[in-house]
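The values are calculated or read from the model by the stated rules, or taken from the named source; none is laboratory data. Small disclaimer: the values here were computed from a predicted structure and weren't measured. Neighbour counts are summed over all protein chains in view; Cβ atoms, including those assigned to glycine, are modelled from backbone coordinates with ideal geometry.
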Amino acid sequence: MITLSLPSPAKFIPPSPKSKNLKSRRIRNPDFEALKDTLIRQANVGNLKQAISTLDHISQMGFTPDLTSYTVLLKSCIRTRNFQIGKLLHSKLNDSPLEPDTILLNSLISLYSKMGSWDTAEKIFESMGEKRDLVSWSAMISCYAHCGMELESVFTFFDMVEFGEYPNQFCFSAVIQACCSAELGWVGLAIFGFVIKTGYFESDICVGCALIDLFAKGFSDLRSAKKVFDRMPERNLVTWTLMITRFSQLGASRDAVRLFLEMVSEGFVPDRFTFSGVLSACAEPGLSLLGRQLHGRVIKSRLSADVCVGCSLVDMYAKSTMDGSMDDSRKVFDRMADHNVMSWTAIITGYVQSGHYDMEAIKLYCRMIDSPVKPNHFTFSSLLKACGNISNPAMGEQIYNHAVKLGLASVNCVANSLISMYAKSGRMEEARKAFELLFEKNLVSYNIIVDGYSKNLDSAEAFELFSHLDSEVGVDIFTFASLLSGAASVGAVGKGEQIHARVLKAGIQSNQSVSNALISMYSRCGFAKHGFAHRAVELFNQMLEDGIKPNEVTYIAVLSACSHVGLVDEGWKYFDSMSIDHGITPRMEHYACMVDLLGRSGSLEKAVQFIKSLPLNVDALVWRTLLGACQVHGNLQLGKYASEMILEQEPNDPAAHVLLSNLYASRGQWEEVAKIRKDMKEKRMVKEAGCSWIEAENSVHKFYVGDTKHPKAKEIYDKLGKVALKIKEIGYVPKTDLVLHEVEDEQKEQYIFQHSEKIALAFGLISTSKQKPIRIFKNLRVCGDCHNAVKFISVAEGREIIIRDSNRFHHIKDGLCSCNDYW
DNA sequence: CTAGGGTTAG
């Protein structure tokens, strides 16, 4: 019988790899050996602070810590990503008389590589001389690959081969990783050929992982990635995690989840990286329940405070919570043990993308810069987007200045975000300036500026850029979507049709965003003849037939198209099938579309019934839609109810006050009007002053109510008087009931003719060419009498008139308006 | 020491 003698667990210390060398030393001091053993144990369990003080203790005792101690400590720093202590060790090593060996220097390269300090890593690598081995080469190749210096990485690989070293699996995996981009994918494929000859493809897990990435990241080709995965003779947790993460990143969320379940059933235990990958996949709509269940498993695995898992959870809850609430996301963020750039960026981005928490995002940024964590280019992109959302270019500029100071200003996505921020704030001149100053204009930059011009109703400029893009850079789905929305915004349906033709020629009509933009364009351009709104509905049906998946946006477009042409039954049909057939939970916008549809067709009671039948309380948007319909149909009772509901949720909503006041005024109930006005005054609510502007003679002319400041004021009012007479002759009757003050009828008519949109139109009539349509912009909704008068003027003067108000555009021609008299 | 992760402008 054989008995094994083992040391008791308390005394057992794992042998260090260098113990053989140590035995050869002649002098062994027991105190030194004991301290060293302690140090190694502390380092191995990741207790770096104590290990460092043990190291100091060794020096204080008069011993010189040996290379093994440094190596073990450094490895632990790399494993736990403790860069601060890593750098401290490096400086201690420089101060010590020790001559670092290859392993220690390689470890230092790896440390600086993981920190992103490629320059320090490079210096160490170059100083190594004879000590350089295959590990040094592969560490350096890998360092360049991870620091965004892919070409440097490839060249270093070739240098190594030229130097006479024969690459092993580590070198191959490092250099292939550098080639995992669209630009260098072909180099990766060439190296793949080399790998096959060496036989590493069949035998090494690292090489397999790199090849999976070559296909997934370099070619977005998940099928080939899966082929590599299936052919690998051995798969470990890293391999599975890599597959799950890449599938998730490329939008194959359900496949990612399937892989995860398969992995678990094969007995692998997911770690922080695996959870991170699969949770990201669960941000996709429809997978949130699974995401919550996985969160439970994360807690059981004691990983809930981990930064990496936390990031994915923050992102998942931000994206998957239906009502856009950030509560769950924030809870996860607040419970995380500590934060890094990514977790800060994840929560800030979550707030920005949820739609209405831009200020919260900026507040968090203020907290972030008080912490030791520095923002990166992703953080700045999101923050600039937030500033654009709230149209605050001044704040955006401040934040951009921070990016300048951190040397991130010229990073593509930061500079592009700045342009987008200006464009969203209506500052097209600044946007254009920033665009022209771009160091490198990519397709995204062009799409932002084209979209900017489109949204800011300068479709001429947008189309001009488009033709440049078309011939020089190339266009993509975003360009088409922007142009379609631009065409829709100014009612340029002819241009829209041209783009539609191009879409068909390019064969991209089956793309979801393009399809949505097309439907939306035809829906918004629903002219009096109903032709285009019908076309929107037709396109939608065709989209379904072609098997393109509709999303929430599609339904907003198609429901509003139904609303524009009064297709009540179809509207109901689509609304029902949205959730039943396509699993899309209706949002407030969809409810608002239905209320609009019912309200427009005069079924106000049905609209109220609809709201009451819903399983949840609707928000102010829906009630405002109802209130608008009440105003058009003069239903005071329901209007009052609707505005009460709005004010319950948004007590200081000026729009609700004004709409209700207008409703009372149209019924001549002046006491009520006065009450509301007083209430508004007390609450210090500012009603935006109505103003209209028009572009003529190469500049913008802006008019307020009763404005007489314009140099051509006399001519304008003369023209206005003449036009008033002309249209009365052909049947125009002033809607004096829309005057919101209690005055005599004759005075009311005067008031009405001082409205800013009429003044702007009169100016347009005397200063623009008869062939071109007159384009007027108004900051508020166009007044009912003005709308009516403009229809008559279009006949009397034979002009095409387009009014873009705060709500929509009105394309008025031959006495008819594209809005079908509902807005 | 050398393979995997989370944040990203249209």
| query | Given the residues A:Ala492, A:Ala501, which is the only one that is over 18 Å from A:Gly388 (Cβ atoms) and at pLDDT below 80? | reply | A:Ala492
| message | Can you tell me which of (1) within 20 Å of A:Leu67 (Cβ to Cβ); (2) at pLDDT 90 or above; (3) in a helix (DSSP H, G or I); (4) within 16 Å of DNA strand B (Cβ to nearest atom) is the one A:Glu122 doesn't meet? | response | (1)
| task | Please enumerate the residues belonging to region A:128-165 that are in a loop (DSSP other than H, G, I, E, B) and more than 13 Å from DNA strand B (Cβ to nearest atom). | result | A:Met149, A:Phe163, A:Gly164
| query | Conditions: (1) of a type outside the set (A, V, I, L, M, F, W, C); (2) touching a Lys or Arg at 6+ places or on another chain (Cβ under 8 Å); (3) not in a loop (DSSP other than H, G, I, E, B). A:Lys770 meets all but one. Number of the miss? | reply | (3)
| field | Qualifying positions in region A:408-455 - among the polar types (S, T, N, Q) and either assigned to a helix (DSSP H, G or I) or surrounded by fewer than 17 Cβ atoms within 10 Å (Cβ to Cβ) (or both) | value | A:Ser410, A:Asn412, A:Asn416, A:Ser417, A:Ser420, A:Asn442, A:Ser445, A:Asn447, A:Ser454
| field | Boolean, A:Ser520 is within 14 Å of DNA strand B (Cβ to nearest atom), outside any loop (DSSP other than H, G, I, E, B), of a type in the set (S, T, N, Q) and surrounded by 21 or more Cβ atoms within 10 Å (Cβ to Cβ) | value | no
| task | Could you list all residues from region A:176-189 that are over 19 Å from A:Arg246 (Cβ atoms) and surrounded by 13 or more Cβ atoms within 10 Å (Cβ to Cβ)? | result | A:Val187
| task | Keeping to region A:654-701, report how many residues are under 22 Å from A:Gly634 (Cβ atoms) and aromatic (Phe, Trp, Tyr). | result | 2
| said: Tell me yes or no: at least one residue of region A:647-663 is in a helix (DSSP H, G or I), without any contact (Cβ under 8 Å) to a residue 24 or more places away in the chain and not assigned by TED's automatic domain parsing to the domain that holds A:Lys778. | reply: yes
| query | Could you list, in sequence order, the residues of region A:360-384 that are outside any helix (DSSP H, G or I) and within 7 Å of DNA strand B (Cβ to nearest atom)? | reply | A:Asn376
| task | Restricting attention to region A:344-359, report how many residues are near DNA strand B (Cβ under 7 Å from one of its atoms) and either in a loop (DSSP other than H, G, I, E, B) or surrounded by 24 or more Cβ atoms within 10 Å (Cβ to Cβ) (or both). | result | 2
| request: Assess whether A:Arg335 counts as being surrounded by fewer than 21 Cβ atoms within 10 Å (Cβ to Cβ), away from DNA strand B (no atom under 13 Å from the Cβ), more than 30 Å from A:Ser579 (Cβ to Cβ) and among the charged types (D, E, K, R). | output: yes
| message | What's the total number of residues in region A:425-469 that are within 12 Å of DNA strand B (Cβ to nearest atom) and touching a Pro at 6+ places or on another chain (Cβ under 6 Å)? | response | 0
| Does any residue of region A:639-656 turn out to be surrounded by 16 or more Cβ atoms within 10 Å (Cβ to Cβ), under 26 Å from A:His590 (Cβ atoms) and touching a Cys at 6+ places or on another chain (Cβ under 7 Å)? | yes
| Pairs where the first residue, in region A:497-515, is closer than 17 Å to A:Gly474 by Cα and the second is in a loop (DSSP other than H, G, I, E, B), C-beta under 7 Å, 6+ apart | A:Val503/A:Gln509; A:Val514/A:Ile508
| said: I'd like to know if region A:705-728 contains one or more residues that are of a type in the set (A, V, I, L, M), part of a loop (DSSP other than H, G, I, E, B) and at pLDDT 90 or above. | reply: no
| request: State the number of residues belonging to region A:376-394 that are over 17 Å from A:Tyr357 (Cβ atoms) and either surrounded by 24 or more Cβ atoms within 10 Å (Cβ to Cβ) or hydrophobic (A, V, I, L, M, F, W, C) (or both). | output: 3
| message | Suppose we filter region A:71-114 for residues that are more than 12 Å from DNA strand B (Cβ to nearest atom) and part of a helix (DSSP H, G or I); how many remain? | response | 11
| said: So, A:Leu660, is that one surrounded by 19 or more Cβ atoms within 10 Å (Cβ to Cβ) and under 30 Å from A:Ile776 (Cα atoms) or not? | reply: yes
| Counting just the residues of region A:299-308 that are within 13 Å of DNA strand B (Cβ to nearest atom) and either part of a loop (DSSP other than H, G, I, E, B) or in contact with a Phe, Trp or Tyr (Cβ under 9 Å, 6 or more places away or on another chain) (or both), which one comes out nearest to A:Gln249 (Cα to Cα)? | A:Cys308
| With respect to A:Asn635, is the statement that it is under 27 Å from A:Cys817 (Cα atoms) and free of Cβ contacts under 8 Å to residues at least 24 places away in the same chain true? | no
| request: State which residue is nearest to the chain's Cα centre (by Cα) when the search covers only region A:456-514 and only residues that are within 30 Å of A:Ile801 (Cβ to Cβ) and part of a loop (DSSP other than H, G, I, E, B). | output: A:Asn456
| task | Could you please tell me which pairs satisfy a Cβ distance under 9 Å, a separation of 6+ or placement on different chains, a first residue in region A:54-71 that is loosely packed, with under 14 Cβ neighbours inside 10 Å, and a second residue that is in a helix (DSSP H, G or I) and of a type in the set (Phe, Trp, Tyr)? | result | A:Met61/A:Phe32
| field | Those residues of region A:265-289 which are more than 11 Å from DNA strand B (Cβ to nearest atom), over 26 Å from A:Gly583 (Cβ atoms) and part of a helix (DSSP H, G or I), in sequence order | value | A:Ser265
| Within the bounds of region A:14-32, is there any residue that is among the hydrophobic types (A, V, I, L, M, F, W, C), modelled with pLDDT of 85 or more and part of a helix (DSSP H, G or I)? | yes
| message | Which count do you get for residues in region A:710-723 that are free of Cβ contacts under 8 Å to residues at least 60 places away in the same chain and crowded, with 16+ Cβ neighbours inside 10 Å? | response | 5
